[in-house]
Amino acid sequence: MSLADRLHHIAPFRVMDILGRAKAMQASGADVIHMEVGEPDFTAPTQVLRAAEASLQKAQTHYTAAAGLPQLREAIARYYADHFGISINAKRIVITPGASGALQLILGVLVNPGDKIWVQDPGYPCNRHMITMFGGEAQALPSDNALLNVDASAQAITKASLKAMLVATPANPTGQVLSAFELGSLITACRSANTLPIVDEIYQGLQYDSSPTTALSFDHDDLFVINSFSKFFGMTGFRVGWLVAPEAYVEPIERLAQNLFLAPPTIAQYAALAALTDEVRPELLRRRDVLHERRDRLYAGLKNAGFALSGSKPGGAFYIYAKLPEGFNDGISFAERALNEAHVAITPGADFGFNDTSDYIRFAYTTDIDRIDEAVGRLKVLLG
């Protein structure tokens, strides 16, 4: 078998292997607690499911335009106006097959072979691999104790004129939330270095200690922003997201979308329209409160079990990124033992890059509090 050379630079996504094995164990009767995959345990809101059913009943199943339903693009523009007080031209919004589709389109119109892109490390590994797919090279921004060092990163960006910077807030796997000041300093550094800023906001809305923000609150004509209906809106399997691009890039992005995807999933787009309505929002906020409570419970439990945690709780997303207790230094082997011996599925830090990863574990608090307590108890036994 002959494989393309690029495959040698794309590592397996371990969490998906762990998920598969955990489900196989479950099917054999094991009581597995899932804290590995980054997927909310909530189903899509009832109104969203009804909208999807209605689109089927109306036979709304044909291709849409490559950039998505015009009414969905307009609804997202209103969402920014209503919740952030920002005026965005709906023509700058392109609907995509999930946030991954959005990043592929942005990289496809920006990256030439050999171009370097600043990324967080630790960070979502698929982003790094998508950069590789387009012939680019991911360059790690400075970090301290697994968290992005904003001051050092701004200095590094200013000194080296790379093609683009990709940062996420809230971030996976750390849950780090960048303040408006921190995000502004990174964007300012990018502009001084002629580096294009790309901000991943797919966990926007899932912030617990501060109000949700967006990079579009700044002077945003040159910004790329990625978002999704997967996390806050609980629509992972619908595979629908969006991007906001500078006006000059919209036509090339749409042209690339026509060739890569033809169009985003039609039924998912009609469902997404319902997700943005006032009727759904109270349920989304209730779910955020539930996740907030879970975060606090898991943080306290892991700390009590001896895991090393940063001084403050992660501000967003639904992850805690914890350093193994003293005497344990291999996250991969610990995750294996946790699954095989304690039946707790967790993700080793090695999935997320090279800085502060080998002795770290990512815990997703995407299960009920009773199950979180049970998981912590099992891990305490495993730790001895």
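Points to keep in mind about this one:
- Filter result (out of contact with any strand residue (DSSP E or B) (no Cβ under 9 Å at 6 or more places or on another chain) and not hydrophobic (A, V, I, L, M, F, W, C)) within the stretch 360-384: 368, 370, 373, 377, 380, 384
- The stretch 1-28 residues that are in contact (Cβ under 8 Å) with a residue 12 or more places away in the chain and farther than 18 Å from residue 363 by Cβ, paired with ones that are of a type outside the set (D, E, K, R) and not in a helix (DSSP H, G or I) (beta carbon under 7 Å, 6 or more apart): 25/32; 25/343
- Taking the conditions (1) at pLDDT below 95; (2) of a type in the set (D, E, K, R); (3) more than 27 Å from residue 323 (Cβ to Cβ) in turn, residue 144 satisfies each one other than (3).
- Test for residue 46: is it more than 24 Å from the chain's Cα centre (by Cα) and not small (Gly, Ala, Ser): no
- Selection from the stretch 229-265 of residues that are buried (at least 22 other Cβ atoms within 10 Å of the Cβ) and polar (S, T, N, Q): 230
- In a residue-by-residue description of the stretch 205-228, the property of being crowded, with 20+ Cβ neighbours inside 10 Å, of a type in the set (Phe, Trp, Tyr) and within 15 Å of the chain's Cα centre (by Cα) applies to no position.
- The set of residues from the stretch 317-362 being without any contact (Cβ under 8 Å) to a residue 60 or more places away in the chain and of a type in the set (Ser, Thr, Tyr) comprises 333, 358.
- The criterion of at least 1 residues that are more than 30 Å from residue 375 (Cα to Cα) and in contact with a Pro (Cβ under 7 Å, 6 or more places away or on another chain) is met, among helices (runs of 4 or more DSSP H) falling completely within the stretch 28-134, by 98-110.
The values are calculated or read from the model by the stated rules, or taken from the named source; none is laboratory data. This structure is a prediction, so every number in the text was calculated from the model and none was measured. So basically every Cβ, Gly included, is an ideal-geometry build from the backbone, and we count neighbours across all protein chains shown.
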